[in-house]
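Please treat every number below as a calculation from the coordinates, not as lab data. Just so you know, these numbers come straight off a predicted model, no measurement behind them. Note: ideal-geometry Cβ built from the backbone for every residue, glycine included; neighbour counts use all protein chains shown.
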Amino acid sequence: MVTKHDKRDRAALLRQRLAKAMMLAETNQSALARDAGVDRSTISQLLAADGVRMPNAQVIAECATALGVSTDWLLGLSDRPEMAADLLAASLSMTKAPRALVDEQIFKWHQEAAGYKIRHVPAGLPDMLKTQALLEWEYTPHLGRTAEQAIGASNDRLDWMRASGSDYEIAMPVYEVASFVRAEGYYTGLPAAIRREQIDRILALHDQLYPRLRVHLFDARRLFSAPVTVFGPLLAVVYVGLHYLAFRDTERVHAFTDHFDGLVREAYVSSREWPGHLQQLSKDI
């Protein structure tokens, strides 16, 4: 909790934190004045023991940038010692991504974002939409006896979405769905019966959950997206194979949100057209 200060106390706190930041940065008044683009006398006045006048916002911002700290911390608006390294550590983290559906970290991120829209670009067909037969075909060779437990997690995710109040919007490249229907690429060897059952399940879920669950297809020849999930305004997570990169700073979450919304705006197949497109493709099975 941040303590409220009167003008004299706030000026004293600014002096203390400015001096501390300068010490940690191993800089002096002349160097800070040069880096912040102000006169040396300005820095001297900020550090003067009898000073009670607060500097303008631009001077504070320039000093904070030069010292690698936040303006909020320097002004006493935050009690956290947010040095540059601390801010980076808080805004970016790396988490292991096991080859399994039982992923407690992913589930925690979903719980944290309950009530917010979740935007998702999956690495393939979304696990939460898959039939048990497809999940067994895909995961059993890697998970062995644990596959049944992992498959249960897919149903748990879908049940959570139904109860959480979150809208779920998915964007996939057109070729992913076409490859699945034709058993090409990643889906080579997938039996026709499993593909037909999977299409029926997706169509049934669309009927049950639309518009809370929406699926769009984009043309990867025009637009590209790495697998990414944006959990409302809180978090954006990029999947890179063995790890997830999680971003919590507002600027990057907004950037990933804008990226996803661009995929939707430029969709080759909209969420309304998605069932008809899938039915048309299924004639190739």
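Things to note:
- Dipole in debye (nearest 20) - the chain, about Cα centre, beta carbon charges: Lys, Arg +1; Asp, Glu -1: 340 debye
- DSSP beta bridges confined to the chain are antiparallel in about 70 percent of cases.
- Linear extension gain, L13 paired with A123, 0.36 nm per residue minus alpha-carbon span: 34.6 nm
- Degrees separating the helix 7-25 axis from the principal Cα axis of the chain, which is the longest one: 70 degrees
- When each of the peptides 253-259, 186-192 is scored by how many other beta carbons lie within 10 Å of its residues on average, the order from highest to lowest is 253-259, 186-192.
- Only helices enter this figure: runs of n ≥ 4 DSSP H residues, each worth -39500 (n - 2.57), summed and divided by the residues of the chain, yield -16000 deg cm²/dmol at 222 nm to the nearest 500.
- Cα gyration tensor shape of region 29-74, rounded if a/c is under 1.5, else prolate or oblate by comparing a/b with b/c: oblate
- Cα-projected label distance for R162 with E184, points at 7 Å along beta-carbon direction, nm: 3.5 nm
- Computed label-point distance, nm, for sites E26 and L281 using a 7 Å Cα→Cβ extension: 5.7 nm
- Prolate/oblate/rounded call for region 190-232, Cα gyration tensor, a/c under 1.5 rounded: oblate
- As a proxy for reagent exposure, M128, M172 were ordered by neighbouring Cβ count within 10 angstrom, fewest first; the result is M128, M172.
- When each of K117/K283; K96/K130; K20/K108 is checked by Cα-Cα distance, pairs over 27 Å: K117/K283; K20/K108
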